[in-house]
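Reviewing the structure listed below.
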Amino acid sequence: MKTPSKVYFIRHGIAENRADHVPDEKRQLTKEGIQKTRKVANRLHHLNIHFELILTSPLLRAMQTADILQTAGLGHQIKESTSLVPNGDINNWLNWYQQWRQNGGHCLALVGHQPDQGNWAEILVWGEAKEGLLLKKAGVIGLVIPETGDPVGNSSLFWLTSPKLLL
């Protein structure tokens, strides 16, 4: 029998400001962003959270965040997904997710960007994006995805926290 899976939406840490000379995809975490993200990752590790897979946006700041999660012992495997870029397609991700679940996946981290992560969580819980869930940098949203059926509008929110509460 399948068990419900858990999906953790984790927003990238504090990154460089938008500037004309740095393309958005090359913006990196700041020193403060690295420090805070490490503290959040260590706290998640102390809470015995472990991801079978850390799926990340290919943008540099998200990949750096995923690396920090992996270094903290939260997961061994990182995979990039273009579905997680800003304005990514949730339907592409849902197709990927269904295949991942069929292959036995149970606990997944999605490292990406706001407002997409908050909107995706709302779509999974309420069936539509209401733009009410704000995920702070290095913040976490946790959802339980039902074991069968369409996860859209049928998932449950079990965790929403700013990084401040994990530091």
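The values are calculated or read from the model by the stated rules, or taken from the named source; none is laboratory data. A quick note: this is a predicted structure, and the numbers were derived from the prediction, not measured. When we count neighbours, we look across all protein chains shown, and the Cβ atoms used for this are built from the backbone with ideal geometry, even at glycine. The area values use the complete protein model at the heavy-atom level, side chains included, leaving out ligands, DNA and RNA. Shrake-Rupley method; radii C 1.70, N 1.55, O 1.52, S 1.80 Å.
So if I check each of W159, W120, W96, which one is among the hydrophobic types (A, V, I, L, M, F, W, C) and free of Cβ contacts under 8 Å to residues at least 24 places away in the same chain? Working first, answer last.
Numbers: W159 fails: free of Cβ contacts under 8 Å to residues at least 24 places away in the same chain; W120 fails: free of Cβ contacts under 8 Å to residues at least 24 places away in the same chain.
After ruling out the rest, the residue left standing is W96.
If only one of K39, K6 is assigned to a helix (DSSP H, G or I) and open to solvent by 50 Å² or more (accessible area, probe 1.4 Å), which one is it?
Values: K6 fails: assigned to a helix (DSSP H, G or I).
From the options K39, K6, the qualifying one is K39.
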task: Output the residue which, of all residues in the stretch 46-67 that are touching a helix residue (DSSP H, G or I) at 6+ places or on another chain (Cβ under 6 Å) and part of a helix (DSSP H, G or I), is surrounded by the most Cβ atoms within 10 Å (Cβ to Cβ).
output: T65
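If we scan the stretch 94-109, do we find a residue that is in contact with a helix residue (DSSP H, G or I) (Cβ under 6 Å, 6 or more places away or on another chain) and open to solvent by less than 60 Å² (accessible area, probe 1.4 Å)? Break it down stepwise before answering.
First, the residues of the stretch 94-109 that are in contact with a helix residue (DSSP H, G or I) (Cβ under 6 Å, 6 or more places away or on another chain): none.
No, the conditions are met nowhere in the stretch 94-109.
Residue by residue, here is whether (1) assigned to a strand (DSSP E or B); (2) at pLDDT 95 or above; (3) of a type in the set (S, T, N, Q) holds:
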| site | (1), (2), (3) |
| --- | --- |
| N95 | no, yes, yes |
| G105 | no, no, no |
| V111 | yes, yes, no |
| A121 | no, yes, no |
All positions within the stretch 130-167 that are open to solvent by 80 Å² or more (accessible area, probe 1.4 Å) and either among the polar types (S, T, N, Q) or assigned to a loop (DSSP other than H, G, I, E, B) (or both): K130, E131, L134, K136, T148, D150, N154, L167
